[in-house]
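Everything below concerns the one structure shown next.
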Amino acid sequence: MIDRQQLRRDFEGLQAAIARRGSEVVAAGSAWARLAELDARQRELKTESESQQAERNRASKAIGMKRGKGEDASAEIAAMGEVSKRVKELDALSKEAEAEFAAALLEVPNPLHASVPDGASEEDNVEISVWGTPRSDEVPAHWDIGTDLGILDFEAGATLAGSRFTVIKGAAARLERALMQFMLDLHADKHGYEEVWVPAIANSKTMTGTGQLPKFADDLYKLEGEDQYLIPTAEVPVTNLYQDKILDISELPKRHCAYTPCFRREAGSAGRDERGIIRQHQFDKVELVHITTPERALSDLDELVSHAQAVLEALELPYRTVKLCSADVGFSSQLTFDLEVWLPSQNCYREISSCSSFGQFQGRRAGIRYREEGGKPQPVATLNGSGLAIGRTLVAILENYWQEDGSVRIPAVLQPYMGGMQVIKAS
RNA sequence: GGAGAGAUGGCUGAGUGGCCGAAAGCGCGCCCCUGCUAAGGGUGUAUAGGCUAAAACCUAUCGAGGGUUCGAAUCCCUCUCUCUCCGCCA
């Protein structure tokens, strides 16, 4: 969420940064367009309400003192009835205005960082670097490789749950587990992250803290009759570990890695990636989360990206790094780099990690603050990135390590996690 | 699921209707004294908002939301969470 003081100080500047996402974001009637007026109205009502409350407090105190001395205060008490009534009315109005403003504020996206390139769609994302050499021979799609090897069972997934669910079997199931362990070990042991294990369910406050709510409720699975949702990413519970906390600056930066399952309704993506396991309602992911200071946000983002890249490099999977353009940066993010892995069957790079800096946007929403020596608390900066999405990593391995005889080699770094297995062959 | 207890500032913990934003202690900051190995004295120390050049000041916050009252940390209702016991359960 944006800074309320800044809203008053630099309305034009903020508007320009937000409008880069698309003119509809600041169009007439949008939350942004209503914000300044709601802010002014709220303060006006609040000021009026507060002056009445001050009046009431003064009079009450006087009554108390008279009573204390044993004097009669019935005249003052009678006069107070009217004031109290007004206080209640004004307070109700003020609270209503406050709620309206707060609701609008939550709908406004993060202003983009100046370095985000302009663009109209993901086509305009900018390639930053390329690593590895993509194989150029004909490779079957991972769903065929997996089916032939008997390690991916799409029918079983559909039977058990529905479309976009898959049963992973045998060596692939173990590979899923191996990837999880390998990634966590890498980040915890080599990159200095503290591993956490968190709930895969979060309440609405937590979902609001990182920006999934209120705008993107349609993308989430909600538990019936509960104020709870299945998490779409570990970002939600891990970042919110510190919600409403004031951290000492000496505790920053905090860096956590976490494995969680992720659940997404994929509303609006009907028809996209229907086949295979690239776009599932449930998938596994190892996530990296940084809680840091605003000054460090951008340099920390570079580090975070390098940590995600390290996974792909260790697995020897060709990939490229792109900087998302203004049209593609997510609601809560100010700046995002995607890592895209090479999928030979599709002859293109596909997203496997998304690393973002949120600036103080989430820190403000979630009430995560830090205090400098002698200073006032201020919102932390948050970052996160996939390190990596495990299902898609599995896809990348199946395709990039596929061999003419239909078997799939196991990347060297994973073999210890696979009980020494080197190749997945049809049984 | 049943029964009971509880939720107060960074922490511990007082406070059952009015000079209580809240005693005391701990911790921490600053100052002083002292100097012989760790102690004494003083003082300050919540968050948010409003108004300010800045203060002063004003308002709110004692788990959350409602209510009673001239006035609520304190009384009433609802909810959430924590703890203990019982039941059930991986």
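The values are calculated or read from the model by the stated rules, or taken from the named source; none is laboratory data. Quick caveat: nothing in here was measured; it's all calculated off a predicted structure. With ideal geometry, Cβ positions are generated from the backbone for all residues, glycine too; neighbour counts draw on all protein chains shown. Keep in mind that these areas ignore ligands, DNA and RNA; they rest on the heavy atoms of the full protein, side chains included. Shrake-Rupley method; radii C 1.70, N 1.55, O 1.52, S 1.80 Å.
Please get the size of the charge dipole for the range A:303-427, origin at its Cα centre, with Cβ charges of +1 on Lys and Arg and -1 on Asp and Glu, quoted in debye to the nearest 20.
Using Cβ point charges on Lys, Arg, Asp and Glu, the range A:303-427 gives about 540 debye.
Given H placed on each backbone N at 1.01 Å, which residues far from A:SER354 in sequence or on other chains put an amide H within less than 5 Å of it?
Amide H neighbours of A:SER354, under 5 Å, 5+ apart: A:LEU339, A:SER386.
Rolling a 1.4 angstrom probe over the protein heavy atoms, how many square angstrom per residue are accessible across chain A? Walk me through the intermediate numbers first.
Values: 20100 Å² over 427 residues.
It amounts to 47 Å² per residue over chain A.
Just how far, in whole angstrom, is the range A:380-398 from the range A:28-54 if you go by their alpha carbon centroids?
42 Å
Within straight cross-link reach of A:LYS66, meaning Cα distance under 28 Å, which lysines are found once same-chain residues fewer than 8 apart are removed?
A:LYS85, A:LYS88
Could you check which residue among A:SER269, A:SER357, A:SER332 shows the biggest mean-square fluctuation in a GNM of chain A with a 10 Å Cα cutoff?
Looking only at A:SER269, A:SER357, A:SER332, the largest GNM fluctuation is found for A:SER269.
Take the solvent-accessible surface of the protein heavy atoms, probe 1.4 Å, and return the percent of it on chain A that carbon and sulfur atoms account for.
48 percent
Considering the dipole of chain A built from charges on the beta carbon (Lys and Arg +1, Asp and Glu -1) around the Cα centre, which of A:MET183, A:GLY209, A:SER121 is farthest to its positive end?
Of A:MET183, A:GLY209, A:SER121, it is A:GLY209.
What full-extension length gain, to one decimal in nm, is calculated for A:TYR221 and A:LYS205 as 0.36 nm per residue of separation minus the Cα-Cα distance?
Details: separation 16, 0.36 × 16 = 5.76 nm, distance 1.52 nm.
So the chain would gain 4.2 nm between A:TYR221 and A:LYS205.
Among A:ILE145, A:GLY170, A:THR159, whose Cα lies farthest out toward the positive end of the dipole of the range A:139-180, if unit charges sit on the beta carbon of Lys, Arg (+1) and Asp, Glu (-1)?
A:GLY170
Please list, or write none, the lysines whose alpha carbon is within less than 30 Å of the alpha carbon of A:LYS215, excluding same-chain residues fewer than 8 places away.
A:LYS46, A:LYS95, A:LYS205, A:LYS245, A:LYS254, A:LYS285, A:LYS323
Where does each of A:85-96, A:170-181 land if you order them by average Cβ count within 10 Å, highest first?
A:170-181, A:85-96
Efficiency by 1/(1 + (r/R0)^6): what FRET value for A:ALA92 and A:ARG371, r their Cβ-Cβ distance, R0 = 51 Å, to the nearest 0.05?
0.90
Extension gain A:LYS245-A:SER30, at 0.36 nm per residue separation less the Cα-Cα distance, in nm? Spell out each step's value before the answer.
Numbers: separation 215, 0.36 × 215 = 77.40 nm, distance 3.15 nm.
Full extension of this stretch gives 74.3 nm more.
Could you give the dipole magnitude of the range A:4-105 about its Cα centre, charging the beta-carbon of Lys and Arg +1 and that of Asp and Glu -1, in debye to the nearest 20?
320 debye
Size of the dipole of chain A about the Cα centre, Lys and Arg at +1 and Asp and Glu at -1 on the beta carbon, nothing else charged, in debye to 20?
Dipole about the Cα centre, nearest 20: 1420 debye.
Quote to one decimal, in nm, the extra length available between A:ALA120 and A:GLU100 on full extension: 0.36 nm per residue of separation minus the C-alpha distance between them.
Numbers: separation 20, 0.36 × 20 = 7.20 nm, distance 3.16 nm.
Net length gain for the segment: 4.0 nm.
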